1. From the convex hull of the Cα coordinates of the stretch 7-50, what is the mean projected area in square nanometres?
2. Which lysines, on any chain, are close to residue 167 with Cα under 23 Å apart, when same-chain ones fewer than 8 places away are left out?
3. If you count the DSSP beta bridges with both ends in the chain, what percent of them are antiparallel, to the nearest 5?
4. Could you check how much of the accessible area of the chain is carbon and sulfur, as a whole percent, using a 1.4 Å probe?
5. Can you order the peptides 14-22, 173-181, 129-137 by their average number of other Cβ atoms within 10 Å per residue, highest first?
6. Can you compute the equivalent ellipsoid semi-axes for the stretch 82-201, i.e. the square root of 5 times each eigenvalue of the Cα gyration tensor, sorted largest first and rounded to whole Å?
7. Place the peptides 156-165, 67-76 in order of packing, highest mean first, counting for every residue the other Cβ atoms within 10 Å and averaging per peptide.
8. Given N residues in the stretch 144-201, what is Rg(Cα) / (2.2 N^0.38 Å)?
Amino acid sequence: MAILYIETNFLMSIATGRDPDANHLLLSVPTSVRIAIPAICCMEALSALEDEIKRRNRFADEQKKQISQLKRDLTSPYAKSLLFHVEESLNENEGLLNNIKVRLFEALELLADNVEMMELTADTLRESLNTVFIEEDPTDNLILHCILNHAHLHAHEVKVFLSNNTKEFSVPEVQDALREVGITKYFSRTEDFLGWLQSQS
């Protein structure tokens, strides 16, 4: 059996529709795979949702200002047409935000049912403070240490890592650290992981 490590971006890729295969994987986890995620990723995903809500609300505020301005133009056919489209986009923006929330909460439900949660320990926290692999993002550094410690405890199992956060996790220092604990494969897309998994059987 292989251990598949995932992190926050896996959840957000489901919420934002960037990786359709990620949701399919959670819906039907292959019997040959055990998925594990640091528990702190759930909190980070909810924080990312808060940021998305703020962004969408700022966009909606700007749309409302534009609607107000366009309504004042009583003669231009362009203003009338643009008003219609901006009002439509205001509704679509709200629909998209609700869709993102629903997809994230459904992913978290599936996570609770199908995925092993790795708890944050005091030792892992200390290690993340003392050994920095990802300087620009302390949260990702902490997530990495949770994965490294768990992988170290499962030395004799096949272990792989899936994250589309290539900016942080595909850099040589991180890849070296993953290899040292036996995480032999890194995938940036669920599709690639599923292709690899099929090739193993």
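1. 3.1 nm²
2. Here the lysines satisfying the reach criterion relative to residue 167 are 159, 185.
3. Close to 0 percent.
4. Accessible surface attributable to carbon and sulfur in the chain totals 53 percent.
5. 14-22, 173-181, 129-137
6. 34, 19, 16
7. Per-residue Cβ counts within 10 Å, averaged per peptide and sorted highest first, yield 156-165, 67-76.
8. Against the empirical 2.2 N^0.38 Å value, I get 1.10 for the stretch 144-201.
The values are calculated or read from the model by the stated rules, or taken from the named source; none is laboratory data. Since we're looking at a predicted model, the values are computed, not measured. Reconstructed Cβ throughout: ideal geometry from the backbone, glycine too, with neighbour counts over all protein chains shown. Areas reflect the complete protein model, heavy atoms only, side chains present, ligands, DNA and RNA absent. Shrake-Rupley method; radii C 1.70, N 1.55, O 1.52, S 1.80 Å.
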